[in-house]
Amino acid sequence: MTYCVGLLLKAGLVMLSDTRTNAGLDNISTYRKMFTFEQPGERVIAMMTAGNLSVTQTTLARLGEAINDPDATHETSIMKAESMLDVATLVGDMLSRVTVETKTRMDRMNQMASASMIVAGQRKGGRMRLFLIYPEGNFIEATEDTPYLQIGEHKYGKPILDRVITSDTPMEEARKAVLLSMDSTLRSNLSVGMPLDLVVIERDALRLSEQRRIEANDEDFSAMSAAWSQALRDAFARIG
C-alpha cells in the first residue's frame, strides 16, 4: 500500500508521498512514487502513484518515451500538451490502456491490476491544477471547496486535512499539515513507510520550488512527530 497527498492552494501546490511497496509481509521494498517533469519558465508537472507497481511503472515509462519522441506533439506528450487538463487526459488515457493490458495477463493468476495517480502542475499562461486519475482513466479535480486529493491508504491522514486545510492556507502551514497527515498514517499502518518525497511548487513559479527526500532519521521530521504526539496527549488530558 502507499499514501500520497496533494494540496492545491492559492499560494501553490504541496505534494507528499511515501515509498513503501509490499507484496505481503515478507516482501517489502522501497520504490519512488513521486515523479517530476519541468521546463523552467514554461511548465512544471508532478505525479504521484499508488497501486500495482507494474501498472504505474509501465505508465510512467510510456509517458517518458512520448516526451523523448522527436516526433512528439501536443496530442502525445505531457510536455507539449496545451493545458493541464490535456496533461490529465493524456495520463488518464495511458493509465487506462496499461491497466487493461496488465489486467488481461494478471486475471489468469487471480491478481489485481489496478492503480491510481495524482497529477498536478501549471503551464505558462494557465492556472495551477490538481487531478486524481482513476484506473479507468477518468479523473476528478481539486477545487476551492475541496483543495486536497489523496490516494492509497488515506483514511488515517484525512482528519487533520479536513480540520486545517483551506485554499487560503499559507504554504508553510500546508507543508506542516501534509507531514503530520503522513505521520498519522505511518503510526497507524505498517504498509506505509519512510523515506518520504516532498515537492512544493509556488504559484506561477513554473518550476520546482522545493524537492527533497525525508529519510527515517530526519531530525526535523522526528521532532515534529514527537511534538504532535505530545500536543494530542495534552489536548486529550484537558478535555473534561
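Observations
- Test: residue 220 is crowded, with 17+ Cβ neighbours inside 10 Å and of a type in the set (D, E, K, R): no
- Check on residue 235, closer than 14 Å to residue 13 by Cβ and in a helix (DSSP H, G or I): no
- Applying the criterion of being outside any helix (DSSP H, G or I) and under 18 Å from the mean Cα position of the chain (by Cα) to the residues of the stretch 46-94, the residue that is nearest to residue 203 (Cα to Cα) is 46.
- Looking only at the stretch 158-183, and only at residues there that are touching a residue at least 60 places away in the same chain (Cβ under 8 Å) and among the charged types (D, E, K, R), the one that is surrounded by the fewest Cβ atoms within 10 Å (Cβ to Cβ): 168
- Out of 117, 106, sole residue that is surrounded by 14 or more Cβ atoms within 10 Å (Cβ to Cβ) and modelled with pLDDT under 95: 106
- Residue check for residue 125: small (Gly, Ala, Ser) and surrounded by fewer than 21 Cβ atoms within 10 Å (Cβ to Cβ): yes
- Here residue 186 fits the description: more than 15 Å from the chain's Cα centre (by Cα), touching a residue at least 60 places away in the same chain (Cβ under 8 Å) and part of a helix (DSSP H, G or I).
- Residue check for residue 240: modelled with pLDDT under 95 and more than 15 Å from the chain's Cα centre (by Cα): yes
- Of residues in the stretch 61-82 being touching a strand residue (DSSP E or B) at 6+ places or on another chain (Cβ under 8 Å) and surrounded by 15 or more Cβ atoms within 10 Å (Cβ to Cβ), the one farthest from residue 137 (Cα to Cα): 79
- Top-ranked residue in the stretch 115-136 [being over 16 Å from the mean Cα position of the chain (by Cα) and among the small types (Gly, Ala, Ser); ranked as farthest from residue 48 (Cα to Cα)]: 125
The values are calculated or read from the model by the stated rules, or taken from the named source; none is laboratory data. These figures come from a predicted structure and were not determined experimentally. Glycine gets a Cβ as well: all are built from the backbone with ideal geometry, and neighbour counts include every protein chain shown.
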